[in-house]
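Let me begin by presenting the structure, written as structure tokens, before commenting on it.
The values are calculated or read from the model by the stated rules, or taken from the named source; none is laboratory data. Everything numeric here is computed off the predicted structure, so don't read it as measured data. Here the Cβ is made from the backbone with ideal geometry for all residues, glycine too, and neighbour counts use every protein chain on show.
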């Protein structure tokens, strides 16, 4: 019997916020991958808290979970036998999830292959790990690039004025090509210069 050749995609580590701003790429009306920066992502390795669970035990059996890691929420969807496979997963658990991304009806979600309970401390460890990696991969900026970065960050704040401001974490999720460290530094400068202000910690509004 001939060996079957099966290529498994790399499970990239991301925060949920990064997945939510990724660009779904379709081919012949079928989801091909999620474009995040320079990567074409099909499988992911994410950590988060199960904040909601719904089981349907009728004729069509399925389980839906909502995963939250502080940067956003993502649905995990299991159908048929897979819904039994993850019956042990409950609301309130911190879990590591490895699975395949799907996109349907304008929603990005995940079909899990593995859901494994973890200590909640690993949420912070994962966040710091990914921020360190992002900052390490950012090259030093020239003067013109610094101006462009400032304009991008300030533009994100200005554009959110009609919504009453924007969370700093959301700016980081939207501007994935800019180091989180640089975003923090530039926002601090804007605040000290009176260009923006914080109506509450972690949220900024444009003053002009």
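Side notes on the structure shown:
- In region 79-94, the residues that are part of a loop (DSSP other than H, G, I, E, B) and either at pLDDT below 95 or on the phi < 0 side of the Ramachandran plot (or both): 80, 86, 87, 88, 89, 90, 91, 93
- Residue within region 57-73 that is at negative phi, in contact (Cβ under 8 Å) with a residue 60 or more places away in the chain and not in a strand (DSSP E or B) present: yes
- Any hit, region 75-98, residues being under 18 Å from residue 176 (Cβ atoms), surrounded by fewer than 18 Cβ atoms within 10 Å (Cβ to Cβ) and under 23 Å from the mean Cα position of the chain (by Cα): no
- Subset tally (residues that are under 27 Å from residue 40 (Cα atoms) and either in a strand (DSSP E or B) or touching a helix residue (DSSP H, G or I) at 6+ places or on another chain (Cβ under 7 Å) (or both)) for region 95-130: 20
- Inspection of region 9-18 identifies no residue that is at pLDDT below 85, under 30 Å from residue 132 (Cβ atoms) and in a loop (DSSP other than H, G, I, E, B).
- Restricting 208, 155, 194 to residues that are out of contact with any helix residue (DSSP H, G or I) (no Cβ under 8 Å at 6 or more places or on another chain), part of a loop (DSSP other than H, G, I, E, B) and modelled with pLDDT of 85 or more narrows the list to 194.
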